[in-house]
Every structure is written in structure tokens, then in C-alpha cells.
Amino acid sequence: MDTQQVEMVFWDVQHGHATYIKTPNGKHIVIDLGIGDYSGRNNSFSPLRHLKYQYGVNQLNYVIITHPHLDHIDDILNFDTLNPQTLHRPYISKEMLMEGARDQDKPKLEKYWEIHNRYNHPISTNNDPDNPDNYGGLILKMFSPSYYGGNLNNYGIVTVLEYANIKIVVPGDNEKSSLDELMKNQDFKNAVKDADVLLAPHHGRESGYNNDFVNHVNPRLTIVSDGKYCDTSANSRYSQKSRGWGVYKNGVETKRYCLTTNSDGEVYVKFGYDSYPNRILNVSIR
């Protein structure tokens, strides 16, 4: 393993979200727990099981659940397979979690609630995400809107990853109102400004498009984790607002502005330093 690079996978989990991060010192982070795979025509594809049995990951060091909508926690029944050390999630009541739940979804929501209640101990010094030394120099910053209401999307945690002065912004399903609130926070604005890669909020839907936020992030490349294209998509707007970056497929580099997991499949991002050392940001699709 190159100890000066961060490796990320934005999984194709159909209409959902799941991202894996391997830090420069070999620790393992997951943001959200979607399942499925368009390219493999496998509705039950589990990123967590794939990490364990194909990547050889035996334990996750840190899991971030942006918010507990089913498409972000669909893999929750495999959560304990990787025995995560630390869990970060927004607090919501069980009543909100279960409101309107279908009978077939309740076992996963109950499992989430059990895990939520179990992870109530203080974070150990060695796992504290506020200390970049714990993650090989990778800076992790999490921001949550102080939203209280019935829409779980607006409780979404926004994660900013920074290493080698390269920034990746990973929101949840935040809609315009919660992004408006976060944009009043100067620390948040400083953290997301002029990022290199943005995961589009709310699967690239118009409801998550916030022009002030996108202008401020000013991404080189936007990634959309989404199901099939629909008429509420804001993908074209993200393409217009992104600066463009070279993306490799089959060894060929093409300048792209917006990638979507429903059409491009998994997106692999590697950033940090090469052996010279020069800063690198390598994005590929397969």
C-alpha cells in the first residue's frame, strides 16, 4: 500500500449511497450503507460483504451514517460483520425513524435503532476523527445542520475529507434549506470552499441543488450516486458548475464534469502524493 495516498470507492448502489475510504495509514472508513449494483444486475450487492471478502477488510475503524433513510442504511444487517469501532450519525427519535415504515423495511430500521443505542460509549483517543494523526494525516470534518422537523434529509451529516490540500465533499440527502443553514457557518464555508470532488446532495435531485453552495464548493468534478435518470435530476446543472477533470476508463483519459453511478458504475478516486512526491488526484471508472 502507498502510505501517502487516500483511496475511495463511490459504489454503484442503485438509488442509494455508499462510499469506502482507505486512509494513508491503512484505516477503513465507510460513509452510508446502500446496497445494489446496476452494472452487475445484482439488487442485493453488499459493499460491506465485498469489503470483507474481496478487499480483506476485517474491521471498520469509522462509520458515518448521514441519515437513516433506508437507501442509506440498506446494508445495516451486515454492519456487525465488520465490527466497526466508531459510529457517527445524527440523533433522531425512534418515532421519526419508524414513521410510515413498510413492514418489509422494519427489521432493518429496528437493527439500525439497536446499533444506534449500542454505540453510546465515548470515542477512544486512538479513533478520534478530530486528530488527523489517527488517520494518516487525513483531515475529517463533519458538519450537521441544527434542523428540527419531519424531513430526515435535512438532518444529513456533511463530511469533508482533506489530504495533500485536496478536498472531497460528501453530503447526505441535504436539501436546499439545510444547506442554506450550513452556509451561514463560516467554518463550514471554509471547509468546503474550492473542493476538488463533490458528491451531489440528495442523489443529484433538484431538491438538493443549492446554487450558492455549489458555486462556493466550485468542484472540479461532481459525482452523482443515483438510480435511473428522472425528470427531477439536476445533473446538467452540476456539469455546468464543475470545472472539469480527467477521468480514466480502460487507460484512456477523458475530461469529465459530472459522473453518475447509474451510467458510469463505481467511481474510484485516489489522491495524495506520488513517489516523487507530487500531489495527485486520480479518478477512474470501470
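The values are calculated or read from the model by the stated rules, or taken from the named source; none is laboratory data. Because the structure is predicted, anything quoted here is derived from the model rather than measured. We place every Cβ from the backbone using ideal geometry, glycine too, and count neighbours over all the protein chains shown. Note: areas computed on protein heavy atoms with side chains; ligands, DNA, RNA excluded. Shrake-Rupley method; radii C 1.70, N 1.55, O 1.52, S 1.80 Å.
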With runs of 4+ DSSP H residues as the only contributors, calculate the mean residue ellipticity of the chain at 222 nm using -39,500 (n - 2.57) per run, divided by the residue total and rounded to the nearest 500.
-5000 deg cm²/dmol
Tell me, what is the 1.4 Å probe accessible area of residue 146, in Å² to the nearest 10?
80 Å²
With every protein chain in place, segment 1-141: carbon and sulfur % of accessible area (1.4 Å):
44 percent
Just the number: Rg to Rh for segment 5-128, Cα atoms, Kirkwood Rh, two decimals.
0.96
Given an 8 Å cut-off on Cα distances and at least 6 residues of separation, report the relative contact order of segment 52-179 as a percent.
23 percent
Counting only protein heavy atoms and rolling a 1.4 Å probe, one gets per residue an accessible area for the chain in Å² of 44 Å²
Based on the mean of other Cβ atoms within 10 Å per residue, sort peptides 125-133, 27-35 so the most packed one is first.
27-35, 125-133
With viscosity set to 0.692 mPa s and temperature to 37 °C, compute the Stokes-Einstein D of segment 49-91, Rh being the Kirkwood radius across alpha carbon pairs; µm²/s, no decimals.
298 µm²/s
In sequence order, what are the phi-derived ³J(HN,Hα) couplings for segment 196-201 according to the Karplus relation 6.51 cos²θ - 1.76 cosθ + 1.60 with θ = phi - 60°, rounded to whole Hz, with x for glycine and proline?
8, 10, 10, 7, 4, x
Rank 257, 163, 127 by how far each Cα sits towards the positive end of the charge dipole of the chain (+1 on Lys, Arg Cβ; -1 on Asp, Glu Cβ) and give me just the farthest.
257
Spelling it out for residue 85: with amide H atoms placed in the peptide plane at 1.01 Å from N, the residues 5 or more places away or on another chain with amide H under 5 Å from its amide H are 60, 61, 62
Under Karplus coefficients 6.51, -1.76 and 1.60, residue-wise ³J(HN,Hα) of segment 151-160 in Hz, glycine/proline x:
9, 4, 4, 8, 9, x, 7, 9, 9, 10
What percent does the relative contact order of the chain come to when contacts are Cα pairs within less than 8 Å and at least six residues apart?
17 percent
Select from segment 142-203 those chymotrypsin sites (Phe, Trp or Tyr not before Pro) which occupy a DSSP coil region and have at most 12 other Cβ atoms within 10 Å, ordered by residue number.
148
For segment 150-226, the Rg and Dmax computed from alpha carbons only, in angstrom:
11.4, 39
For segment 108-196, state the average projected area of the convex hull of the C-alpha atoms over all orientations, rounded to one decimal in nm².
7.3 nm²
Gyration tensor on Cα atoms of the chain, a ≥ b ≥ c root eigenvalues, a/c under 1.5 rounded, else prolate if a/b beats b/c, else oblate, says rounded
Using the Cα atoms as the points, what is the convex hull volume per residue of segment 135-286 in Å³?
116 Å³
Report the one residue of 6, 188, 57 whose Cα lies farthest in the direction of the positive end of the charge dipole of the chain (charges on C-beta: Lys and Arg +1, Asp and Glu -1; origin at the Cα centre).
6
Which value, in Å² rounded to 10, gives the accessible area of residue 9 with a 1.4 Å probe and all protein chains present?
10 Å²
Cα centroids of segment 1-28 and segment 204-262: how far apart, whole angstrom?
19 Å
Sequence order, segment 59-72: Karplus ³J(HN,Hα) from phi using 6.51 cos²θ - 1.76 cosθ + 1.60, θ = phi - 60°, Hz rounded, Gly and Pro as x, gives 8, 8, 7, 8, 10, 10, 10, 5, 5, x, 6, 4, 5, 10
In segment 40-199 the DSSP beta bridges are antiparallel at a rate, in percent to nearest 5, of 70 percent
Solvent-accessible area of residue 106, probe 1.4 Å, all protein chains present, reported in Å² to the nearest ten, please.
80 Å²
So if I place +1 on the C-beta of Lys and Arg and -1 on the C-beta of Asp and Glu, and nothing else carries charge, what would the dipole magnitude of segment 162-286 be about its Cα centre? I want it in debye, nearest 20.
400 debye
So if I place +1 on the C-beta of Lys and Arg and -1 on the C-beta of Asp and Glu, and nothing else carries charge, what would the dipole magnitude of the chain be about its Cα centre? I want it in debye, nearest 20.
540 debye
